[in-house]
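Q: Quick one: the structure is below, questions incoming.
Readers should treat all values here as calculations from the given coordinates under stated rules, not as data from a laboratory. What you see is a predicted model; the values in this text were computed from it and never measured. No Cβ is skipped: glycine too gets one built from the backbone with ideal geometry, and neighbour counts run over all protein chains shown.
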Amino acid sequence: MIAYGMANPGAVPAPPPTTMHFWFLYNLMFFCLFTWILSYLNFSWLKNKINQMHPIALLIIFPLLLTPALTQVPAPFPAPESFLPQLWSFGFFGLLFAAGYLIYQQQNLLDKFNNHVLILFIGSIAVYAFYFSLLPDAFSFMPAQDSFAKKLLLAFLEAIVAFWMTIACLVAGKKYLNIRNRFLRFLSDSSYWIYIVHLPIVFAVQYKLMDMDLSLLAKYSLSVGITILISIISYLILVRWTPIGWLLNGRKK
């Protein structure tokens, strides 16, 4: 929509103010608030119940819990950028946040999936390929008028990919990246800042590259490379050794 508006000024009305790519932090604020409120309730029975469940059961039940929220939005699901909280995002991203919170508290829960990680990777890719084949061939700004059955199927497939691939990446990360490494620590520390500043840099770089006679791969590589380079340099100058960095990652020795 942004690119279309830039190429055709006046063709589309000015969009209402949104949280843009900060929707993640905006939603996270609500999730943390709810977590603080719910922490006064006793959910130990639920934690024990989940801990006793077979991993295959969790891989089926959790996508089913995510599906109803995704039926409320088009596929692929949009970013919940509105300042007015969107309930579907609480039912989708909120449940994923709850799963992450539970895994953080009971990290042995993640070990249940160690023997299933390859199946999760392959299964996620296969399900995504099937999901992609069901999407319209041509892009349109208007949502597709799908039947409820197809919308339900697309939502379930999205939920499966989201949960299975997340668990697979967490298991692989815990197994292969849970080491002391200064470069990985640096990337981890800088990730939030890069997330915050990357979008305007991407727009600026891509705008400059738009009319250049370069291949798609060259433009993509330049766009990604320049964005990461500028983001990291700005992190080193403006964040890492400043009070902002101390707030995000603690003081550096």
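Q: So if the hydrodynamic radius of the stretch 119-192 is defined as the Kirkwood radius over C-alpha pairs, what does Stokes-Einstein give as its diffusion coefficient at 25 °C and 0.890 mPa s, in µm² per second?
A: It comes out at roughly 163 µm²/s.
Q: What share of Cα pairs, in percent, lie more than 18 angstrom apart in the stretch 34-184?
A: Roughly 64 percent, rounded to a whole number.
Q: I need the peptides 100-109, 113-122, 70-79 ranked by packing, meaning the mean over residues of other C-beta atoms within 10 angstrom, with the highest value on top.
A: Descending packing order for the listed peptides: 70-79, 113-122, 100-109.
Q: A further question follows. If I require 30 Å or longer along the helix axis, counting alpha carbons, and a Kyte-Doolittle average no lower than 0.5, what helices from the chain are left? Use full DSSP H segments.
A: For the chain, where a helix must reach 30 Å along its axis and average at least 0.5, the hits are 148-176, 182-209, 216-238.
Q: Of Lys112/Lys174; Lys47/Lys174; Lys49/Lys150, which sit over 23 Å apart, Cα to Cα?
A: Lys49/Lys150
Q: When the gyration tensor of the stretch 182-249 is built from Cα positions, what are the square roots of 5 times its three eigenvalues, in whole Å, from largest to smallest?
A: Values for the stretch 182-249, descending: 28, 12, 8 Å.
Q: Let me ask another. Dimensions of the chain along principal axes (Cα, Å, largest first)?
A: Largest first, the chain extends 58, 57, 37 Å along its Cα principal axes.
Q: Okay, next question. Would you list which aspartates and glutamates come within 17 Å of Lys151, measuring only between C-alpha atoms, while excluding same-chain residues fewer than 8 positions from it?
A: Within reach: Asp137.
Q: Pick from Ala172, Ala69, Ala204 the residue whose mean-square fluctuation is largest in a GNM of the chain, springs joining Cα atoms under 10 Å.
A: Top of the fluctuation ranking is Ala204.
Q: Separate question: As a test of the formula, what do you get for the chain when each DSSP H run with n ≥ 4 contributes -39,500 (n - 2.57) and the sum is divided by the residue count, at 222 nm and rounded to the nearest 500 deg cm²/dmol?
A: About -23000 deg cm²/dmol.
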